[in-house]
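What follows is a set of notes on a single structure, which appears directly below.
The values are calculated or read from the model by the stated rules, or taken from the named source; none is laboratory data. Being a predicted model, the structure only gives us computed values, none of them experimental. Cβ placement follows ideal geometry from the backbone for every residue including glycine, while neighbour counts extend to all protein chains displayed.
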Amino acid sequence: MAVNTMRLDIVTPDETVFSDEVTFVLAKGVEGDLGILPQHMPLVTPLKDGPVKIKQEDRQQVVHLRGAFLEVRKDRVTILAEAAEWAHK
């Protein structure tokens, strides 16, 4: 059985930090936590500095962002950030 996915792109001025299919994104918006699933309503919002959890079918990762904005479209989430660092590094 296929799991619904969406494309997640995390981009800084220097590089594309992440670009792949995901099943869930959890980020800290300025008004609270944002849980993003495929088919989410369109949204543009600034994010608080801190961790973003990325869930794929077989694993979960955490990236710490600074100075970020999040845009959600039907099957795509784009995060533009001043800086990003993986939690496992």
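Screening Gly32 with (1) over 12 Å from the mean Cα position of the chain (by Cα); (2) closer than 17 Å to Lys74 by Cα; (3) of a type in the set (Gly, Ala, Ser) gives one miss only, at (2). Taking the condition at positive phi and touching a His at 6+ places or on another chain (Cβ under 7 Å), does Gly50 pass? Against the criterion (at positive phi and touching a His at 6+ places or on another chain (Cβ under 7 Å)), Gly50 qualifies. Within region 62-73, the residues that satisfy the criterion of being at pLDDT 95 or above and loosely packed, with under 15 Cβ neighbours inside 10 Å are Val62, Arg66, Gly67, Phe69, Glu71.
Would you check which residues across region 12-33 are within 21 Å of Ala83 (Cβ to Cβ), of a type outside the set (S, T, N, Q) and surrounded by 16 or more Cβ atoms within 10 Å (Cβ to Cβ) and list them? Val17, Phe18, Val22, Val25, Ala27, Lys28, listed by residue number.
When restricted to residues that are in contact with an Asp or Glu (Cβ under 9 Å, 6 or more places away or on another chain) and touching a residue at least 24 places away in the same chain (Cβ under 8 Å), region 41-67 contains 9.
Quick one: would you say Pro38 is crowded, with 17+ Cβ neighbours inside 10 Å and of a type outside the set (A, V, I, L, M)? Judged against the criteria, Pro38 is a match.
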